[in-house]
Amino acid sequence: MDERRRHRILMVSDFFYPNFGGVENHIYYLSQCLLKLGHKVVVMTHAYGKRSGVRYMTGGLKVYYVPWRPFIMQNTLPTFYLTLPIIRNIIVRERITVVHGHQAFSTLCHEALMHARTMGYKVVFTDHSLYGFADVGSIHMNKVLQFTLADVDQAICVSHTSKENTVLRSGILPEKVFVIPNAVDTAMFTPAPNRLSCDEIVIVVISRLVYRKGADLLVEVIPEVCRLFSNVRFIVGGDGPKRVRLEEMREKYSLQDRVDMLGAVPHAQVRSVLISGHIFLNSSLTEAFCIAILEAASCGLLTVSTRVGGVPEVLPDDMIVLAEPAPGDMVWAIRKAIFMLPSIDPHVMHLRMKSLYSWHDVAKRTEIVYDRALQSSEKNLLQRLPRYLKCGAWAGKLFCLVMIVNFLLVRLLELWQPVKSIEEVPDMPLVQHQEEEIEHDYDEAQKKS
Amino acid sequence: MMKGAADRISHRPKWKKVAYGGMQPGYNDNYSDESFLEAMVMNANVVKRDLFKVMQDSVSISQYLCIVALVISVWIHTLGSVIDETSLLKLDVGLLALGFSVLLLTTSQLSQQLLSRYLLNISFFISGLYILAPIYHTLTRSISSDSIYALTVSLLVVHLFLHDYSGSTIRPPGALNNPTLASNISLNASIVASVLVASRLPSRLHVFAIMFFSLQIFLFAPLIAFCIKKYSFRLHMWFSFALMIMTLSVVFQLHRMLFVLLLGLLVFVSVVCPYWLIRIQEYKFEINGPWDEAKLCFDITE
C-alpha cells in the first residue's frame with residue numbers, strides 16, 4: 001500500500017474496553033479491520049480504575065488510557081483546555097493524520113476534536129445515538145454537538161434516521177454526513193448446531209432493564225403472551241432499576257417457571273443465551289441502530305422489535321417483525337413471529353447476516369471517509385471562526401472565544417515544548433504482516449536459489 | 001451527452017432507506033435522498049391559544065396576589081397597632097368558619113368521618129400554635145427589625161415566585177398528584193415569613209393570633225380557591241373580582257405607592273402577560289420525527 005493512502009488514525013472516546021457497549025464494540029472492531037487494511041490505529045480513552053497508561057490489544061492495537069478520572073457515567077470532567085498537552089503529545093508522537101471521535105456525550109472526544117482542529121489536523125466524528133429537541137439535557141448536548149460539528153471535516157452516523165437527527169441537531173450539511181452502520185462479528189455469533197424443537201418456544205430478551213430500553217413494555221407484554229400461548233417461555237437477561245418491576249410481574253401472574261431472570265449477562269455469554277431461544281424481543285423506546293438485533297439475527301433468531309429510531313433500517317422485512325411501542329401491538333407482533341417460526345432456518349439466517357453485515361465492509365467505507373477528510377482544504381483560524389459565529393447569537397461568540405483561547409494555548413505550548421522535542425514512536429509492524437513478510441522473503445530466496 | 005447521464009441515473013437501482021447489505025450500488029454513503037427528513041413533523045403538538053382564555057386563566061394568579069396583598073395589609077395594620085388582638089382573633093374564627101362552609105358546600109366527597117378528622121387536626125394545630133407562641137415571640141429578639149422586614153419581603157417574593165397557581169399544595173380530598181418540590185419550598189417560605197413578622201409583635205396573644213391568621217391563609221386559601229374554581233368557574237371569576245376590588249381599596253387606604261404598584265402588577269399579569277404569550281407563540285418551533293423517544297401509552301405505577 002502506498003504511503004499516501006496509509007492513514008494514521010487516532011480514535012478518541014470516553015467509551016472503550018473494559019467498559020462494554022455499542023460504541024466500545026464499534027471502535028474495537030473498526031480499529032481491528034482498519035489495522036488489517038494496513039492503516040495505523042491508536043485508541044485514546046480515559047483511565048479505567050487501575051488500567052492507566054499504554055496497553056496493546058489484539059493485532060497490535062495501541063490504546064492510551066489517559067490518566068484522567070471519569071466523574072459521571074464514565075465521562076471525564078469537561079475542562080476544555082486541560083487535556084490539550086496530553087492530546088497534543090499523543091498526536092505528535094504517533095504522527096497522526098486523522099483524529100476520529102466517537103459518541104456525542106463523550107467529553108474527551110469533543111475536547112480532542114477541538115484541539116486537533118486547532119492544531120490543523122483533519123477530524124472525523126461518529127454519532128452513535130439519537131437525541132430529542134425538547135428537554136434541557138438535549139438542548140445542551142445539541143449545542144455542544146453544534147460546536148464540534150461546526151468545523152468537523154466529515155461526520156458519520158450509524159443509520160439514516162441518525163443522520164437526519166444529527167443534521168437537524170447541528171445544522172451540518174447533509175453531504176458531509178456519511179451513513180455507515182454498525183456490523184456484527186458473525187464468526188462469534190453462530191447459531192446452535194442442532195435446530196431447537198418448536199414444541200416449546202423460547203423468547204429471549206437481553207437488554208439493560210431501564211426505562212429507555214422499554215422494560216415497562218415487557219411488564220405488560222410478557223403476561224399477556226404467556227396467557228395466549230401456553231408453550232411460550234421467556235428468558236430475560238440484563239439488570240437495572242426496572243428489574244424489580246419485572247420480578248413483581250412474575251410473582252403477580254405466578255410465572256416463575258415460565259420467565260427466567262438471568263441478571264446481567266457478560267458479553268462473552270450472550271451467544272449461549274441467545275441460542276437457547278427462538279425469538280429475540282427488543283422493546284427499546286429509542287435506538288439509533290441496535291447491535292443486539294444483529295447479534296440475535298446472526299445467531300439465527302427471529303427478531304420482534306419496536307419500530308423506533310433506526311431499527312426499521314437494520315434488517316430486511318422478512319427477518320424482523322416490527323411493532324409500535326404499545327403492548328397490544330407488541331403482543332400481535334409476537335403472535336405473528338410465532339406463526340412465522342416454522343419457516344425460519346437459523347443457519348440460512350446466519351448466512352444471510354454474513355452477507356449483509358461485516359466489519360471489513362464498515363472499515364472500507366470508513367476509509368473512504370478518511371480519504372475525503374484528507375482532501376478537504378486547509379483552513380487557518382480566521383477562515384474557521386465564521387463557522388462558529390453562525391452557531392448562534394450568544395453561543396457563536398462564546399465558541400469563537402473558546403477557539404481563540406485554544407489557539408493561543410497551542411502556540412504557547414509550542415514555545416514550551418516544541419514539536420521537534422517530542423519523540424516519535426517507531427511503527428511496530430503487525431504480527432501477521434511480519435509472518436507474511438517472512439513468507440514473502442522465503443519465497444524470494446527460493447526463487448533466487 | 002445529457003441523455004446519457006439521465007439514462008445512467010435512471011438505470012441505477014432505487015435508493016432504499018436501509019442500513020444492511022453494505023454500500024448501495026450507485027450511491028455514496030453521504031448520499032441524501034429526496035426522502036431526507038420526510039418523516040419530520042413540525043409543531044405537531046402546539047396548542048393554539050386564545051387571548052381571552054389565557055386572560056381568564058391568569059385570574060387565578062391575580063387572585064392569589066390579592067390574597068397575599070391582603071395578608072400583608074393585615075400584618076402592617078397589626079404591627080402599627082391599628083388592629084388589636086381580639087379583633088384579630090375574631091377575624092381568625094370568622095375565616096375558619098367561612099373556609100369550612102365553603103369546603104362543605106363545594107366538595108361532594110366530604111364525609112362525616114373526614115370532617116371529624118379535619119376538626120381534630122385543626123384543634124391539634126391550634127393548641128400546638130398556642131403552646132409555641134411564646135417561642136415565636138422571642139425568637140428573633142436579637143435581630144434588628146430592618147433585617148427581619150427585608151428578609152420577610154424576600155421570602156414573600158420567593159413564595160409568590162414558586163407558588164403553584166394551578167393547583168393547591170395542600171391536597172384537596174381525593175386528589176391524585178403529589179405537590180411539587182417548588183410549591184413546598186414556596187409554602188415553607190411563606191410560613192417562615194409569618195414567623196418573622198409574628199416575632200415583632202408586642203404580646204403572646206398577638207403572636208398567636210397573627211400566626212393563626214397567616215397560616216390559615218397560606219395553607220388553606222389556595223385549597224379554598226381551588227375548590228371554588230372546581231365547583232363553578234363563574235363563581236370563581238366573581239369571587240376573584242370582588243377580592244381584587246376589596247384588596248385595591250384596602251391597599252389604597254394603606255399607601256398610594258403600594259396601590260399603584262399592585263394595580264400595575266395586576267394589569268401586567270392579567271393583560272400584558274397573556275398578550276405577550278400569544279405574541280411569542282409564533283416563534284414556537286418544535287421538531288418531531290422517528291428519532292424521538294417513544295412515549296408509553298399506559299401509566300407506569302411503581
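Points to keep in mind about this one:
- Carbon/sulfur fraction of accessible area - the protein assembly as shown, other protein chains in place, 1.4 Å, %: 62 percent
- With the simple spin-label model, which puts each label point 7 Å out from Cα in the Cβ direction, the B:SER101 to B:TYR27 separation comes to 7.6 nm.
- Charge-dipole axis of the range B:249-302 as Lys and Arg at +1 and Asp and Glu at -1 on Cβ define it, positive-most pick from B:CYS297, B:CYS273, B:VAL250: B:VAL250
- Intensity falloff of the range B:172-274 expressed as log10 I(q)/I(0), Debye formula with alpha-carbon point scatterers, at q = 0.16 Å⁻¹: -1.06
- With a Förster radius of 51 Å applied to the C-beta separation of A:ALA264 and B:SER81, the computed FRET efficiency comes to 0.10.
- Max mean-square fluctuation residue, GNM over chain A, Cα-Cα springs under 10 Å, options A:GLY396, A:GLY132, A:GLY21: A:GLY132
- Neighbourhood charge, 11 Å Cβ-Cβ cut-off, centred on A:VAL331 and excluding it, Lys, Arg +1 and Asp, Glu -1: 0
- Calculated mean residue ellipticity at 222 nm for chain A: -13500 deg cm²/dmol, from DSSP H runs with n ≥ 4 weighted as -39500 (n - 2.57), summed, divided by the residue count and rounded to 500.
- Mean-position separation - Cα centroids, the range A:22-52 and the range A:363-405, in angstrom: 24 Å
- Across peptide B:26-35, the average count of Cβ atoms from other chains found within 10 Å of a residue's Cβ is 5.
- Peptide ranges A:216-223, B:275-282, A:235-242 listed from the most packed, as the mean C-beta count within 10 angstrom indicates: A:216-223, A:235-242, B:275-282
- Sorting A:137-148, B:30-41 by average packing, meaning the other beta carbons within 10 Å per residue, from highest down gives A:137-148, B:30-41.
- Neighbouring partner chain Cβ atoms per residue of A:168-177, average, 10 Å criterion: 2
- Expected 222 nm ellipticity per residue - DSSP helices of 4 or more, -39500 (n - 2.57), all of chain B, to 500: -21000 deg cm²/dmol
- Point-charge dipole on Cβ atoms (K/R +1, D/E -1) for the range B:1-152, about Cα centre, debye to 20: 760 debye
- Cα-centred dipole magnitude for chain A, charges only on beta-carbon of K, R (+1) and D, E (-1), debye, nearest 20: 1240 debye
- Cα centroid separation - the range A:220-245 against the range A:247-314, whole Å: 10 Å
- Sparsely packed loop sites in the range A:287-378 (the GluC sites (Glu not before Pro) outside DSSP H, G, I, E and B with at most 14 other Cβ atoms within 10 Å) comprise A:GLU378.
- Partner lysines for B:LYS16 [C-alpha distance under 18 Å; skip if fewer than 8 residues away on the same chain]: A:LYS163
- On Cα atoms only, tilt of B:145-162 relative to the major axis of chain B in degrees: 40 degrees
- For the pair the range A:168-203 / the range B:56-104, the C-alpha centres are spaced 67 Å from each other.
- Taking label points 7 Å from Cα along the Cα-to-Cβ direction, B:TYR149 and A:SER254 give a separation of 7.4 nm.
- Estimated inter-spin distance, A:CYS198 and B:CYS273, nm [label 7 Å along Cα→Cβ]: 6.5 nm
- Computed lengthening from A:LYS397 to A:LYS420, 0.36 nm per intervening residue step minus Cα-Cα distance: 4.9 nm
- Extreme residue, positive dipole direction of the range A:317-431, given options A:PRO325, A:ASN380, A:PRO418 (C-beta unit charges): A:ASN380
- Whole-number percent relative contact order across chain B, with pairs defined as alpha carbons under 8 Å at least 6 apart: 32 percent
- Straight-line cross-link reach from A:LYS50 at under 23 Å between alpha-carbon atoms covers these lysines, not counting any fewer than eight positions away in the same chain: A:LYS62.
- At q = 0.10, 0.11 Å⁻¹, base-10 log of I(q)/I(0) for chain B (Debye sum, equal scatterers on each alpha carbon): -0.70, -0.80
- Dipole magnitude for the protein assembly as shown: computed about the Cα centre from +1 point charges on Lys and Arg Cβ and -1 point charges on Asp and Glu Cβ, it is near 1440 debye.
- Chain B, accessible area per residue, ligands and nucleic acids excluded (1.4 Å, Å²): 60 Å²
- Highest-MSF residue in chain A out of A:LEU113, A:LEU389, A:LEU30 [GNM, Cα springs under 10 Å]: A:LEU389
- Estimated FRET transfer efficiency (A:ASP371, A:THR79; beta-carbon r; R0 30 Å; 0.05): 0.35
- For the range A:48-113, the relative contact order comes to 25 percent (Cα pairs under 8 Å, sequence separation of at least 6).
- The Cβ shell under 12 Å around A:ASP260 holds other residues with a net charge of +1, Lys and Arg each +1, Asp and Glu each -1.
- In this calculation the C-beta distance from B:PHE252 to B:ILE131 is compared with R0 = 41 Å, giving a FRET efficiency of 0.60.
- When each full DSSP H helix of chain A is screened for a Cα extent of at least 18 Å along its own axis and an average Kyte-Doolittle hydropathy of at least 1.6, the helices passing are A:393-416.
- When each of A:LYS397/B:LYS284; B:LYS14/B:LYS284; B:LYS17/B:LYS295 is checked by Cα-Cα distance, pairs over 26 Å: B:LYS14/B:LYS284
- Evaluated at q = 0.09, 0.19, 0.20, 0.24 Å⁻¹: base-10 log I(q)/I(0), Debye formula over Cα of the range A:91-190: -0.24, -0.90, -0.96, -1.25
- Signed unit charges on C-beta, dipole axis of chain A, positive-most listed residue A:VAL232, A:HIS267, A:HIS347: A:HIS267
- Positive minus negative residues near A:THR118 (Lys, Arg vs Asp, Glu; Cβ under 15 Å): +2
- Contact order for chain A, expressed relative to its length and based on alpha carbon pairs under 8 Å spaced 6+ residues apart, stands at 16 percent.
- Segments B:191-198, B:121-128 sorted - mean Cβ within 10 Å per residue, highest first: B:191-198, B:121-128
- Averaged over peptide A:126-134, the number of partner chain Cβ atoms lying within 10 Å of each residue's Cβ comes to 3.
The values are calculated or read from the model by the stated rules, or taken from the named source; none is laboratory data. These numbers were taken from a predicted model, which means no experiment stands behind them. Every residue, glycine among them, receives a Cβ derived from its backbone with ideal geometry; neighbour counts consider all protein chains shown. For the accessible areas, the whole protein counts, side chains as well, though only heavy atoms, and no ligand, DNA or RNA atoms are used. Shrake-Rupley method; radii C 1.70, N 1.55, O 1.52, S 1.80 Å.
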